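Q: The structure follows.
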Amino acid sequence: MSHSIDCEDLLERFCRYVRLDTRSDPHSAACPSTPGQWELLRLLESELKEIGAADVRLTAEGYVLATIPATSKNAGTPRMAWFAHVDTASELPGGAKPVVHRKYDGRPIVLPDDPAQQLTVETTPHLREKIGHDIITASGTTLLGADDKAGVTAVMGAVRHLLRHPEIPHGIIRVCFNPDEEIARGMTHLKLDDLAADVGYTLDGEDPGEINFETFSADAATLEIAGVSIHPGWAKGVMVNALRLAGSFLSALPAEISPERTAGRDGFIHPVEVAGNADRCTVRMILRDFELGGLAAKRAAVEQVVAGLRIVEPRAVFGLTFSEQYRNIRYWLEKDMLPVELALEAARRAGLTPFSSAIRGGTDGSNLTARGLPCPNIFCGMREVHSRCEWVSLQDMRKSAETLVHLAELWQKRA
Ligand SMILES: [Zn+2]
């Protein structure tokens, strides 16, 4: 029984996917938020049909769904879903010109379209472990888009492999390629009834062997400040400038609990936008912590700063609101760790040393897990994501696909 996946097929697919510009757009209300994503979704729909997947469907909201029919008669096997997102981060241009650096020799990689963009083993320590691998980068002016097209490629590789090797026993596997993860709308329009799965895995992690079952818990906060307006020539003793109050608020926020000064398991308060004028001003923030207690403490810290400003400037009106964004998936997964344990075992069977780390962010699995579909995250090999120096090793993508094939078999064995 072969679990070894065809590398050249993976490489061709990956290069095809990253050439398409699929940046999502937070300012668009459409779903998917950009037409470029439709292009990749339609391509994946036709490729899934071509390799023989069943029930291939592209929904009106931009989800590609498909099935790998069961090869095992073991009726108790849970239905597993694999997820990867087709969009890329909006901050940098998409539409990469992929460059393949065959059998990487350890010397600096200079990106051809902007020689200032260089990857070296000194500045990119993980590259040292990849000597001998085939490394793929962009050409220097765009994202590569390995986040998450490496995940898309790994899923496609595993689907193709299982369809070509019906001797590998597994249950029903559902495939879902979704839009708009980077703008936190990846799962907004997915109906769990359409998906019809019992357990899911996102393919949206970095290091080979990495299986995540912890993410941040996340809240958003909005402070609306209403000042007092009057002609500045007659303003003495009357005007209350909302912009100055916003400045006071920002400088009073504890600077040590900011993203730029925290790492590991520490959370933060992060102002992301100030908008308005001297009369009315709005400050938007995001709050992050792995623990709900820590998140509550961050809400309290913001409230305390606002309470202080109300005393200093009673003529202004301060409206502070919080909203829940997502919760640490561990709160659900720790009740039944089997989906995580099988993923760790699958990575081991793919020849890797499995490990878990807490993601300083959320995944599409955050939403799915909270809605009742347990959904840990599996590595796909992407590196230096959201930068012009983004890269991926072809051999790491293959390990990701092989982990999925082992995982399919393991779930069937457990049933
Ligand atoms: Zn991603």
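Q: Give a residue-ordered list of calculated ³J(HN,Hα) values for the stretch 92-102 (Karplus: 6.51 cos²θ - 1.76 cosθ + 1.60, θ = phi - 60°; whole Hz; x for Gly, Pro).
A: Values per residue, Gly and Pro as x: 10, x, x, x, 6, 9, x, 10, 9, 9, 5 Hz.
Q: So for the chain, averaging the separation of alpha carbon pairs under 8 Å that are six or more residues apart and normalising by length, what relative contact order in percent results? Present the calculation step by step, with values, prior to reporting the outcome.
A: On the way: 970 pairs, mean separation 99.2, N = 415.
Answer for the chain is 24 percent.
Q: Using the Kirkwood radius built from alpha carbon pairs, what does the Stokes-Einstein equation give as D for the stretch 52-186 at 10 °C and 1.306 mPa s, in µm² per second? If you can, show how the numbers build up before the last one.
A: Numbers: Rh = 17.4 Å.
The Stokes-Einstein estimate is 91 µm²/s.
Q: Looking at the chain as a GNM with Cα springs under 10 Å, which of His386, His126, His161 has the largest mean-square fluctuation?
A: Result for the chain, Cα springs under 10 Å: His126 fluctuates most.
Q: What ratio of Cα Rg to 2.2 N^0.38 Å holds for the stretch 1-52? Working shown, then result.
A: Values: Rg = 14.4 Å, N = 52, 2.2 N^0.38 = 9.9 Å.
So the stretch 1-52 has a normalised radius of gyration of 1.45.
Q: Relative contact order for the stretch 124-224 using alpha-carbon pairs under 8 Å, separation at least 6, rounded to a whole percent? It would help to have the intermediate numbers written out before the result.
A: On the way: 25 pairs, mean separation 25.0, N = 101.
In percent, rounded to a whole number, it is 25.
Q: OK, next. What list of ³J(HN,Hα) values in whole Hz, one per residue of the stretch 140-145 in order, does the Karplus curve 6.51 cos²θ - 1.76 cosθ + 1.60 (θ = phi - 60°) give from phi, with Gly and Pro shown as x?
A: x, 10, 10, 5, 7, x
Q: Next up: Please turn the phi angles of the stretch 324-334 into ³J(HN,Hα) values with the Karplus equation 6.51 cos²θ - 1.76 cosθ + 1.60 (θ = phi - 60°), one per residue in order, whole Hz, x for glycine and proline.
A: Coupling constants for the stretch 324-334: 6, 9, 7, 10, 3, 5, 4, 4, 8, 5, 5 Hz.
Q: In terms of modelled amide H atoms, which long-range or inter-chain residues lie less than 5 Å from the amide H of Ala218?
A: Here Gln325, Tyr326, Arg327, Asn328 satisfy the definition.
Q: Also, I was wondering about something else. Which pairs break 19 Å Cα to Cα here: Lys149/Lys399; Lys103/Lys130; Lys49/Lys191; Lys130/Lys399; Lys97/Lys149; Lys73/Lys413? Don't skip to the answer; put the middle values down first.
A: Working: Lys149/Lys399 15 Å; Lys103/Lys130 9 Å; Lys49/Lys191 22 Å; Lys130/Lys399 13 Å; Lys97/Lys149 14 Å; Lys73/Lys413 11 Å.
Checking Cα-Cα distances, Lys49/Lys191 exceed 19 Å.
Q: Have a look at Glu345, Glu182, Glu122 and tell me which one the Gaussian network model of the chain (Cα, springs below 10 Å) gives the largest fluctuation.
A: Largest GNM mean-square fluctuation: Glu122.
Q: Projected onto the charge dipole of the chain (+1 at Lys/Arg Cβ, -1 at Asp/Glu Cβ, origin at the Cα centre), which of Cys176, Gly362, Ser2 gives the Cα projection farthest towards the positive end?
A: The listed residue farthest towards the positive side: Gly362.
Q: I've got another one for you. Could you work out the Rg to Rh ratio of the stretch 312-415, with Rh taken as the Kirkwood radius (inverse of the mean 1/r over all Cα pairs)?
A: Details: Rg = 19.3 Å, Rh = 16.5 Å.
Result for the stretch 312-415 is an Rg/Rh of 1.17.
Q: Defining a contact as two alpha carbons under 8 Å apart and six or more residues distant in sequence, what relative contact order in percent does the stretch 1-72 show? Please report the intermediate quantities before stating the final value.
A: Details: 63 pairs, mean separation 13.9, N = 72.
Worked out over the stretch 1-72, it gives 19 percent.
Q: From the convex hull of the Cα coordinates of the chain, what is the mean projected area in square nanometres? Present the calculation step by step, with values, prior to reporting the outcome.
A: On the way: hull surface 89.3 nm².
The Cα convex hull of the chain, projected and averaged over all directions, gives 22.3 nm².
Q: Please build a GNM for the chain, connecting alpha carbons under 10 Å apart, and tell me which residue among Glu210, Glu45, Glu334 fluctuates the most.
A: Glu334
Q: If you don't mind, there's one more thing I want to ask. Averaged across orientations, what area in nm² does the convex hull of the alpha carbons in the stretch 179-334 project? Walk me through the numbers on the way to the answer.
A: Details: hull surface 49.4 nm².
For the Cα atoms of the stretch 179-334, the hull's average projected area reads 12.4 nm².
Q: Turning to a different aspect of this structure: Report, to one decimal in Å, the Kirkwood hydrodynamic radius for the stretch 270-347 based on all distinct Cα pairs. Don't skip to the answer; put the middle values down first.
A: Working: mean 1/r = 0.0630 Å⁻¹.
The answer is 15.9 Å.
Q: By how many degrees, between 0 and 90 and to the nearest 10, does the Cα long axis of helix 35-50 differ from the longest principal axis of the chain?
A: 20
Q: Averaged per residue, what accessible surface does the chain expose to a 1.4 Å probe, in Å²?
A: Numbers: 17320 Å² over 415 residues.
Per residue, the chain has 42 Å² of solvent-accessible surface.
Q: Return the whole-Å distance between the Cα centroid of the stretch 180-233 and the Cα centroid of the stretch 2-78.
A: For the stretch 180-233 versus the stretch 2-78, the Cα centre distance is 22 Å.
Q: For the chain, with all protein chains present and a 1.4 Å probe, just round the carbon and sulfur fraction of the accessible area to a whole percent.
A: Numbers: 8950 of 17320 Å².
Of the solvent-accessible surface of the chain, carbon and sulfur hold 52 percent.
The values are calculated or read from the model by the stated rules, or taken from the named source; none is laboratory data. The model shown is predicted, which means the values in this text are computed figures rather than measured ones. When we count neighbours, we look across all protein chains shown, and the Cβ atoms used for this are built from the backbone with ideal geometry, even at glycine. Accessible surface is based on the protein model in full, side chains and every heavy atom, while ligands, DNA and RNA are left aside. Shrake-Rupley method; radii C 1.70, N 1.55, O 1.52, S 1.80 Å.
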